[in-house]
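Contents: one structure, followed by commentary.
The values are calculated or read from the model by the stated rules, or taken from the named source; none is laboratory data. The model shown is predicted, which means the values in this text are computed figures rather than measured ones. Cβ atoms come from the backbone with ideal geometry, glycine included; neighbour counts cover every protein chain shown.
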Amino acid sequence: MLEFYQFGPAWGFPDASPFCMKLELWLKMAGIEYVSVIDGDTRKAPKGKIPYIKLDGETIGDSELIIEHLKKKFGDPVDGDLTPAQQAQSHLITRMMHDSFYWVLLHCRWMEESGWQQVRPTLFGALPKPLQVIVPPLIRRSLKKSLHGQGLGRHSREERMQIGRNDIDALDTLLGDQPFFLGDEPHAVDATVQAFLICFIGPPIDNPIKQYLLGKPRLLDYYQRMNERYYPNILPPPRA
């Protein structure tokens, strides 16, 4: 049985991490049975990151590499029907979510005060009291350095938000009036996009990116459509 290591639920949603939810959604799409193991200790992870899996004596990290490994082992029932052009489109959307939108999410959660006031008690509230004082600011400072190194942290607040709005506009245009990003059925790219939408729309964290998303009816319909299939306990999104 595949063991799926993840951070665990936060704010009433499946996981705090978009990459954990992305992998879980893909596993659901692929019909692969798994056991969820809640363990956020990144020191145990093969690449120092969550999620990771254990299967047949192997430990594999990174959501993309995990999916590639599982496709080789079990076949690809999720994306096996895609044309080369659709595969390329899936790749480009995934890269935008990982390499652009993720950093906007990181900023909104950890650097914006509205996010920090939610992240600190939710993600660190179970730590012993002395560590609750010490650990969160250390991680926040580390992430601030990462944001600066990646580039987003060098911009003004409005420039950061505009990057996020541009990503949302691209998603809205590419989705159009389709049920899912590549047609009538969900594919791996939908697992990625939906995981990030949940991270912005779901938690009680207000920011300009969330408000912009709430003004996109096609993306909100898509969000609800995906949840009805895979996370039926998630409530419909509020509408701007």
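Of note:
- Listed conditions (1) closer than 20 Å to Asp99 by Cβ; (2) not in a helix (DSSP H, G or I) are all met by Leu174, apart from (2).
- Failed criterion for Ser156 (all others in (1) among the small types (Gly, Ala, Ser); (2) more than 25 Å from Gln117 (Cβ to Cβ); (3) surrounded by fewer than 20 Cβ atoms within 10 Å (Cβ to Cβ) hold): (2)
- Condition broken by His91, with the remaining ones in (1) over 27 Å from Ala126 (Cβ atoms); (2) in contact (Cβ under 8 Å) with a residue 40 or more places away in the chain; (3) not in a loop (DSSP other than H, G, I, E, B) satisfied: (2)
- Among residues of segment 56-92, those that are over 18 Å from the mean Cα position of the chain (by Cα) and acidic (Asp, Glu), counted: 5
- Identity of the residue in segment 79-136, surrounded by fewer than 16 Cβ atoms within 10 Å (Cβ to Cβ) and among the charged types (D, E, K, R), that ends up farthest from Leu182 (Cα to Cα): Lys129
- Hits in segment 90-122 - residues which are within 28 Å of Trp26 (Cα to Cα) and aliphatic (A, V, I, L, M): Leu92, Ile93, Met96, Met97, Val104, Leu105, Leu106, Val119
- Candidate set: segment 13-49, residues that are exposed (fewer than 14 other Cβ atoms within 10 Å of the Cβ) and more than 14 Å from Leu123 (Cβ to Cβ); chosen: the one nearest to the chain's Cα centre (by Cα): Lys49
- Qualifying residue in segment 47-67 (condition: in a helix (DSSP H, G or I) and of a type in the set (Lys, Arg)): no
- Residues (touching an Asp or Glu at 6+ places or on another chain (Cβ under 7 Å) and assigned to a helix (DSSP H, G or I)) located in segment 187-201: Ala188
- Residues in segment 202-238 that are part of a loop (DSSP other than H, G, I, E, B), farther than 17 Å from Met29 by Cα and touching a residue at least 24 places away in the same chain (Cβ under 8 Å): Gly202, Pro203, Pro204, Ile205, Asp206, Asn207, Leu214, Gly215, Lys216, Ile234, Pro237, Pro238.
- Index of the failed condition, Pro203 passing every other in (1) more than 30 Å from Gln87 (Cβ to Cβ); (2) surrounded by fewer than 17 Cβ atoms within 10 Å (Cβ to Cβ): (2)
- Some residue of segment 171-184 being in contact (Cβ under 8 Å) with a residue 40 or more places away in the chain, crowded, with 16+ Cβ neighbours inside 10 Å and in contact with a Pro (Cβ under 8 Å, 6 or more places away or on another chain): yes
- Going through (1) within 25 Å of Gly12 (Cα to Cα); (2) at pLDDT 95 or above; (3) in contact with a helix residue (DSSP H, G or I) (Cβ under 8 Å, 6 or more places away or on another chain) one by one, Phe124 falls short only on (2).
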